[in-house]
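The values are calculated or read from the model by the stated rules, or taken from the named source; none is laboratory data. For clarity, every value in this text was computed on a predicted model and none was experimentally measured. Cβ atoms come from the backbone with ideal geometry, glycine included; neighbour counts cover every protein chain shown. For the accessible areas, the whole protein counts, side chains as well, though only heavy atoms, and no ligand, DNA or RNA atoms are used. Shrake-Rupley method; radii C 1.70, N 1.55, O 1.52, S 1.80 Å.
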Amino acid sequence: MTITADLRAAIVRSVEDGFDDQIAYTQKLVSFASQRGAEFTVQDFIHNDLRARGMTMDRFEMDEAALTAHEGGAPFSDTHSRAPIIVGIHHPRKETGRSLILQHHLDVVPVGPRDMWEHDPYGGAIEGDWMYGRGAADMKAGAAANVFALEALKRIGLQPAATVYLQSVVEEESTGNGAMQTFLRGYTADAALIPEPEDEKLVRAGLGVLWFSVEVRGTPVHVREMGEGANAIDAAYRLIGALREIEAKWNAERDAHPECAEDPHPINLNIGMIEGGDWGSSVPAWCRFQVRVSIYPGQRAKAKFQEIADHIAAFARTDRYLAQNPPKLTQNGFNAEGYILDPGSEAEAVLGRAHQAAFDAPLETMMTPAYLDARVYALYNRIPTLCYGPKSRGIHGFDEAVSLSSVKHVTQAMALFIAEWCGTEPLQIAAQ
């Protein structure tokens, strides 16, 4: 559908007219402390809200057996969320446009020590152009934009002339299983749009991610009997050094992956948690640490994990302690492959026109070394998947914040994209 200049101007104004409500809605979402396993209330809220806005609702659980059997699913652990997945469905009176998935996640990472925050992590405080709070950027502002891009059309008496699935998922920060479950449920469309905070750019490539734990065990002794190297925590540090060798090797292969050409260090290995030992005066007999590492698009997650396991096993055979106490590697989260958005799709062209109208600037693209649920729709639905969203700062850190002016312009671009991609028809008035 071609958007006239008058319709374009009306949509842009409509987002502006509803933006105070959108800010308040975002603050409401931020107020939910929706860390892993605690997303029930925010998912209840989104379910009830979308239903009140006239959508047909689907609410379903994650299927552990189906997810773990799929190549793109991740293992379940004791901390895996059991919160439901929510899908709100808009059906037009007549399907004349192209269908669309609007997706967001509402799970957030832990806040850490609260005394290191200047703002209440769940307060949604606003200072100048910035809204603060855990998840304000990643990605509750995007969730609100999904809702209010559609509301902007309603406000001027229009609705999409195609089916739109608004999908609210969890487990994005740990496994990606929430998005995978929507695929296994059978949801698909002609394109997907995911408003993650991407500095007003379109993601051209997203790297894959692996999560795994490494555990070392031995026999505890008194420190007076401690032999050289007979310490599980010390051995764990030596293993971390061996993992850094993998990180360096993979980064040295960057030139074979042109999508990462502008990033000097695309492969990042993070030791996110470590614990071990039982007593300060006993030589620790155990240590366990958590690893996150990225992989290049096009690489198989299982094969890259096996490469890591083989490297660690070879290193352990050369280590006096580890040769007698082989480390155990366990995948306990992401088993996600990366993706590339090929240029030239009509979906990208439509978003480019929408962005130009909202920002008066051309749409730029980027590569991200972070995990994105976009990989599900790109790899398995095999549809154009546009990950595009507002400017932010402090994601996963203290005083995470999102730029409100950026959110407004992104929402305008999203509403314009929906209008052109899906087409529009007069708003269907619910029977009284």
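Which of the residues spanning segment 121-158 are acidic (Asp, Glu), over 19 Å from Glu39 (Cβ atoms) and in contact with a strand residue (DSSP E or B) (Cβ under 8 Å, 6 or more places away or on another chain)?
Applying the first criterion (acidic (Asp, Glu)) to segment 121-158 yields 127, 129, 138, 151.
Restricting the remaining residues to those that are over 19 Å from Glu39 (Cβ atoms) gives 127, 129, 151.
Result: Asp129, single match.
The lone criterion from (1) modelled with pLDDT of 95 or more; (2) surrounded by fewer than 18 Cβ atoms within 10 Å (Cβ to Cβ) left unmet by Asp278 is number (1). When Ile267, Ile233, Ile246 are checked against the criterion of being crowded, with 17+ Cβ neighbours inside 10 Å and assigned to a loop (DSSP other than H, G, I, E, B), a single residue qualifies: Ile267. Take the conditions (1) part of a loop (DSSP other than H, G, I, E, B); (2) touching a Phe, Trp or Tyr at 6+ places or on another chain (Cβ under 9 Å); Gly73 misses just one of them, which is (2).
If the condition is being of a type in the set (S, T, N, Q) and in contact with a Lys or Arg (Cβ under 9 Å, 6 or more places away or on another chain), then segment 28-52 contributes Ser34, Gln35, Gln43. The residue that is farthest from Ala52 (Cα to Cα), counting only those in segment 397-432 that are in contact with a helix residue (DSSP H, G or I) (Cβ under 7 Å, 6 or more places away or on another chain), open to solvent by 10 Å² or more (accessible area, probe 1.4 Å) and not in a helix (DSSP H, G or I), is Phe398.
Answer yes or no: is there a residue in segment 307-322 that is open to solvent by 10 Å² or more (accessible area, probe 1.4 Å), assigned to a loop (DSSP other than H, G, I, E, B), small (Gly, Ala, Ser) and modelled with pLDDT of 95 or more.
Start the filter on segment 307-322 by keeping residues that are open to solvent by 10 Å² or more (accessible area, probe 1.4 Å), which leaves 307, 309-311, 313-315, 317-321.
Next cut, assigned to a loop (DSSP other than H, G, I, E, B) only: 318-319.
Next, from what is left, pick out any that are small (Gly, Ala, Ser): none.
No: segment 307-322 contains no residue that is open to solvent by 10 Å² or more (accessible area, probe 1.4 Å), assigned to a loop (DSSP other than H, G, I, E, B), small (Gly, Ala, Ser) and modelled with pLDDT of 95 or more.
Take the residues of segment 96-147 that are more than 21 Å from His47 (Cβ to Cβ) and among the acidic types (Asp, Glu): which is surrounded by the fewest Cβ atoms within 10 Å (Cβ to Cβ)? Top of the filtered list is Asp115.
Quick check: anything in segment 120-135 part of a helix (DSSP H, G or I) and not acidic (Asp, Glu)? So that I can check it myself, show each step before the final result.
Residues of segment 120-135 that are part of a helix (DSSP H, G or I), as a first pass: none.
Scanning segment 120-135 turns up no residue that is part of a helix (DSSP H, G or I) and not acidic (Asp, Glu).
For segment 84-116, how many residues are under 19 Å from Arg51 (Cβ atoms) and part of a loop (DSSP other than H, G, I, E, B)? Before the answer, list the steps.
First, the residues of segment 84-116 that are under 19 Å from Arg51 (Cβ atoms): 84-92, 101-104, 106.
In the following step, the residues that additionally are part of a loop (DSSP other than H, G, I, E, B) were identified as 84, 91-92, 106.
Counting residues in segment 84-116 that are under 19 Å from Arg51 (Cβ atoms) and part of a loop (DSSP other than H, G, I, E, B) gives 4.
Mind checking whether some residue in segment 370-387 is crowded, with 21+ Cβ neighbours inside 10 Å, at pLDDT 95 or above, over 23 Å from the mean Cα position of the chain (by Cα) and closer than 19 Å to Ala162 by Cα? For segment 370-387, residues crowded, with 21+ Cβ neighbours inside 10 Å, at pLDDT 95 or above, over 23 Å from the mean Cα position of the chain (by Cα) and closer than 19 Å to Ala162 by Cα: absent.
Which one of the conditions (1) modelled with pLDDT of 95 or more; (2) under 29 Å from the mean Cα position of the chain (by Cα); (3) open to solvent by 40 Å² or more (accessible area, probe 1.4 Å) does Asn251 fail to meet, given that it meets all the rest? Checking Asn251 against (1) modelled with pLDDT of 95 or more; (2) under 29 Å from the mean Cα position of the chain (by Cα); (3) open to solvent by 40 Å² or more (accessible area, probe 1.4 Å), the one that fails is (3). Scanning segment 286-306 for residues that are hydrophobic (A, V, I, L, M, F, W, C), in contact with a helix residue (DSSP H, G or I) (Cβ under 8 Å, 6 or more places away or on another chain) and crowded, with 20+ Cβ neighbours inside 10 Å gives Cys287, Phe289, Val291, Val293, Ile295.
For Leu150, are the conditions met, namely being open to solvent by less than 10 Å² (accessible area, probe 1.4 Å) and over 14 Å from the mean Cα position of the chain (by Cα)? No: the conditions fail for Leu150.
Of all the numbered requirements in (1) over 26 Å from Ala336 (Cα atoms); (2) touching a Cys at 6+ places or on another chain (Cβ under 9 Å), His91 misses one, and that requirement is (2).
Please tell me if Gly394 is surrounded by 24 or more Cβ atoms within 10 Å (Cβ to Cβ), of a type in the set (Gly, Ala, Ser) and in contact (Cβ under 8 Å) with a residue 40 or more places away in the chain. So that I can check it myself, show each step before the final result.
Values: surrounded by 24 or more Cβ atoms within 10 Å (Cβ to Cβ): no; of a type in the set (Gly, Ala, Ser): yes; in contact (Cβ under 8 Å) with a residue 40 or more places away in the chain: yes.
It is false that Gly394 is surrounded by 24 or more Cβ atoms within 10 Å (Cβ to Cβ), of a type in the set (Gly, Ala, Ser) and in contact (Cβ under 8 Å) with a residue 40 or more places away in the chain.
When Gln27 is tested against (1) within 19 Å of His409 (Cα to Cα); (2) open to solvent by less than 50 Å² (accessible area, probe 1.4 Å); (3) modelled with pLDDT of 95 or more, exactly one condition is not met: (2).
Taking the criterion of being under 18 Å from the mean Cα position of the chain (by Cα), basic (Lys, Arg) and more than 30 Å from Met1 (Cα to Cα), would at least one residue in segment 52-62 satisfy it? Looking for residues that are under 18 Å from the mean Cα position of the chain (by Cα), basic (Lys, Arg) and more than 30 Å from Met1 (Cα to Cα), one finds none in segment 52-62, hence no.
Residue-level check: of (1) among the hydrophobic types (A, V, I, L, M, F, W, C); (2) in a helix (DSSP H, G or I); (3) surrounded by fewer than 19 Cβ atoms within 10 Å (Cβ to Cβ), Ala361 misses just (2). Within segment 38-67, restricting attention to residues that are under 16 Å from Gln181 (Cβ atoms) and small (Gly, Ala, Ser), the residue that is surrounded by the fewest Cβ atoms within 10 Å (Cβ to Cβ) is Ala65.
One residue is enough: does segment 214-230 have a residue meeting the conditions under 25 Å from the mean Cα position of the chain (by Cα) and either part of a helix (DSSP H, G or I) or surrounded by 17 or more Cβ atoms within 10 Å (Cβ to Cβ) (or both)?
Yes - at least one qualifying residue is present in segment 214-230.
What residue, among those in segment 1-22 that are within 26 Å of the chain's Cα centre (by Cα) and open to solvent by less than 30 Å² (accessible area, probe 1.4 Å), is farthest from Ala125 (Cα to Cα)? That would be Val15.
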